[in-house]
Amino acid sequence: MKSKIIIVMGVSGSGKTTLGSMLAEKLNTDFFDGDDFHPKENIAKMSNGIPLTDDDRIGWLDRINEKGVELIQNNKSGVFACSALKESYRKRLSNTLEKEILFVYPKGSQEVIQRRMDARKDHFMPSNLLDSQFSILEEPKNAIEIDLTKTPEQMLEDTIKKMALSEFGLVGLGVMGKSLARNLANNGTKLSLFNRYVKGSEEGIANKFINSFEELSDAQGFEDLEDFVESMQTPRKIFLMIKAGKETDEFIEKIKPFLNAEDVLIDGGNSHFKDTKRRIEYLEKEGIYFVGTGVSGGEEGALKGPSIMPSGNFDAYKTIEPFLKKIAAKDKKGLDCCTYIGPEGSGHFIKMVHNGIEYAEMQLIAEVYALLRYSNQMSPDEISEVFKEWNQGELKSYLLEISSEILTKKEGDNCLLDMILDQAGNKGTGNWTTVTATEMGMPATMITSALFARYVSSVREKYGNLSLITEQSFIKLEIETVKNAYSLARIINHQQGFTLIKIASEEYRWNLNLSEISRIWTNGCIIRSTLMEEISAVFKHNSDIFDDLSIFENVNKFRSALKTFCVSSLMAELPIPTMLAANDFVNSLNGEIKTANIIQAQRDFFGAHTYQRTDAERGKFFHTNW
């Protein structure tokens with residue numbers, strides 16, 4: 001067994017000391033009675049029937065933690081018997097030991113324990129303090145539960161058996177699944193891994209993967225679904241990293257017969273939020289939890305720390321929270337980039353919008369690159385330097401950073417970028433975002449334009465032999481102008497994306513926290529950026545990005561640059577759909593220029609759809625016999 005700190009916790013009289021000492025002997029390791037770490041004043045208080053306060057326990061918990069840290073640093077294990085009745089106590093005990101600590105919880109009713117306490121002699125804690133212990137007891141969500149009504153020998157046997165079981169399961173060993181599995185293992189989680197068996201193409205995938213990485217030495221690999229499920233501690237926690245859609249539904253039907261009530265399935269794929277809601281409702285009839293979970297960060301993020309967006313039943317979330325948080329990225333304050341998003345499929349909804357924002361962010365960089373490359377006549381290496389400089393300041397983002405690296409990659413003497421076919425793929429989330437925005441009547445124009453740009457790239461080759469260039473006029477722009485245009489377009493993109501989230505939250509009554517959502521997007525995810533950090537702060541006091549004066553001032557400040565960028569690109573006949581969408585959106589905010597009124601007049605002319613008047617109260621409708 002790797003070095004481990006095992007805390008046998010429970011109220012007085014639960015048998016934690018007996019079980020702890022027997023367990024230490026069985027594992028051939030040291031045993032420590034938590035009571036021995038109490039300062040004298042604590043023992044005096046308890047002897048006089050005075051309950052300890054949380055402040056009284058801080059020093060006691062820290063002393064136990066220090067001993068645990070010392071053992072791990074010396075590659076040793078230890079078993080501690082310790083009450084640790086509150087979650088905050090267990091968190092303090094786990095400080096810097098998250099990978100090595102394991103809680104065992106002898107569980108039983110107060111009536112049974114009271115009888116035991118009344119029969120005990122020469123113990124400093126009187127039995128009438130049992131009420132106070134049960135009143136503050138917060139049962140652990142992720143401990144090995146042992147029935148304390150059994151004999152000590154039976155309790156020991158059950159503990160050993162359950163310790164041999166995995167804490168967490170993962171299904172689907174594609175790129176993301178493998179990275180998440182390694183991340184979990186690197187953070188001290190004992191895993192069961194399942195990958196389907198396909199004769200001739202997918203055989204022994206899980207065990208081959210386990211044998212390839214040292215951190216997975218404690219993991220178990222499976223191709224039989226029932227054996228996989230039985231290998232885990234209950235309630236089972238199983239991460240699904242499989243293809244979204246019918247494949248997810250088919251897998252649920254296969255695994256459901258082997259699951260018990262309170263087991264948790266975590267869907268980490270890019271599922272549609274309405275499918276997630278349906279699956280939650282379907283499985284809750286069996287008492288099984290389903291948690292729709294957005295995961296962003298790509299292969300590297302999944303391995304080193306992604307942004308994680310779980311939603312569904314809150315109790316189910318609390319069961320899996322420790323596992324998700326310890327693998328998540330950290331923000332600048334050291335907080336986990338994982339938070340409970342809300343009910344139903346809200347986690348998959350915001351991941352969908354996240355990907356939509358990502359589509360537009362990527363397309364904006366492509367359009368900036370096109371202007372600098374073709375209109376400003378700059379080389380890829382020169383553009384890379386521009387991006388690197390921008391990435392040192394307020395424009396810092398993951399996508400800008402990787403774009404800078406992409407531009408310097410060579411194959412022989414050639415820029416690799418020039419050898420990549422000019423077609424961009426998509427996996428559906430940008431489409432879903434566009435459709436959802438349309439259904440909600442929200443102008444996500446930049447996401448839509450970015451999506452359609454990808455669609456156009458897929459048909460461009462068909463017309464590649466057509467000579468469509470007429471008179472190109474190349475106007476070399478100042479880099480600062482390009483920078484300001486890009487800055488404004490990014491603001492518009494994020495404003496549209498978060499407005500869509502806000503409207504959905506209101507429509508579905510999810511009560512989403514925009515500040516917290518943007519906070520967990522400040523690291524780990526693909527759209528992490530300095531702008532996202534600013535937006536998180538803005539949403540602490542505002543419900544719309546434009547409500548922030550400094551941001552809205554930039555809208556006015558950079559309008560001229562955006563217009564100049566668009567004009568220059570059009571003169572050079574460059575395709576810039578997202579920049580144009582951003583410019584059009586800003587222009588549409590100008591209340592002095594009216595275009596929708598004639599559309600409404602047309603609707604009233606041919607369809608008697610009525611209209612509202614500027615000189616009448618809102619909500620009053622008129623019709624004209626044109």
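Miscellaneous remarks
- Highlighted here are the helices (runs of 4 or more DSSP H) found entirely within the range 479-565 that include at least 3 residues which are under 27 Å from residue 386 (Cβ atoms) and not assigned by TED's automatic domain parsing to the domain that holds residue 298: 479-508, 530-538, 549-557.
- Some residue of the range 157-165 being hydroxyl-bearing (Ser, Thr, Tyr), within 31 Å of the chain's Cα centre (by Cα) and buried (at least 19 other Cβ atoms within 10 Å of the Cβ): no
- Restricting attention to the range 161-200 and to residues that are of a type in the set (Lys, Arg) and assigned to a loop (DSSP other than H, G, I, E, B), the residue that is nearest to residue 234 (Cα to Cα) turns out to be 190.
- Matching residues in the range 182-231 - criterion: being buried (at least 21 other Cβ atoms within 10 Å of the Cβ) and either charged (D, E, K, R) or not assigned by TED's automatic domain parsing to the domain that holds residue 299 (or both): 182
- Residue 572 being at pLDDT below 95, more than 27 Å from residue 372 (Cβ to Cβ), surrounded by 13 or more Cβ atoms within 10 Å (Cβ to Cβ) and hydrophobic (A, V, I, L, M, F, W, C): no
- Residue 263 falls short on exactly one of the conditions (1) of a type in the set (D, E, K, R); (2) touching a residue at least 60 places away in the same chain (Cβ under 8 Å); (3) surrounded by 20 or more Cβ atoms within 10 Å (Cβ to Cβ), and that condition is (2).
- Residue within the range 372-380 that is crowded, with 21+ Cβ neighbours inside 10 Å and in contact (Cβ under 8 Å) with a residue 40 or more places away in the chain present: yes
- The set of residues from the range 321-364 being out of contact with any strand residue (DSSP E or B) (no Cβ under 8 Å at 6 or more places or on another chain) and free of Cβ contacts under 8 Å to residues at least 40 places away in the same chain comprises 333, 334.
- Remark: residue 206 falls outside the filter, which requires a residue to be within 29 Å of the chain's Cα centre (by Cα), under 30 Å from residue 22 (Cβ atoms) and in contact (Cβ under 8 Å) with a residue 12 or more places away in the chain.
- Residue within the range 464-471 that is in a loop (DSSP other than H, G, I, E, B), surrounded by 12 or more Cβ atoms within 10 Å (Cβ to Cβ) and modelled with pLDDT under 90 present: no
- Of the residues screened, residue 332 is one that is under 18 Å from the mean Cα position of the chain (by Cα) and not in a helix (DSSP H, G or I).
- For the range 169-177, the count of residues that are surrounded by 23 or more Cβ atoms within 10 Å (Cβ to Cβ), touching a helix residue (DSSP H, G or I) at 6+ places or on another chain (Cβ under 9 Å) and at positive phi is at least one.
- One residue from 461, 478, 401 being surrounded by 13 or more Cβ atoms within 10 Å (Cβ to Cβ), among the charged types (D, E, K, R) and without any contact (Cβ under 8 Å) to a residue 60 or more places away in the chain: 401
- Members of the range 73-120 found to be assigned to a helix (DSSP H, G or I), surrounded by fewer than 21 Cβ atoms within 10 Å (Cβ to Cβ) and among the hydroxyl-bearing types (Ser, Thr, Tyr), listed by number: 88
- With respect to the conditions (1) in a helix (DSSP H, G or I); (2) in the same structural domain as residue 371 (by TED's automatic domain parsing); (3) not acidic (Asp, Glu), residue 603 lacks only one, and its number is (2).
The values are calculated or read from the model by the stated rules, or taken from the named source; none is laboratory data. None of the values given here were measured: they were computed from a predicted structure. Backbone-built Cβ (ideal geometry, glycine too); neighbour counts: all protein chains shown.
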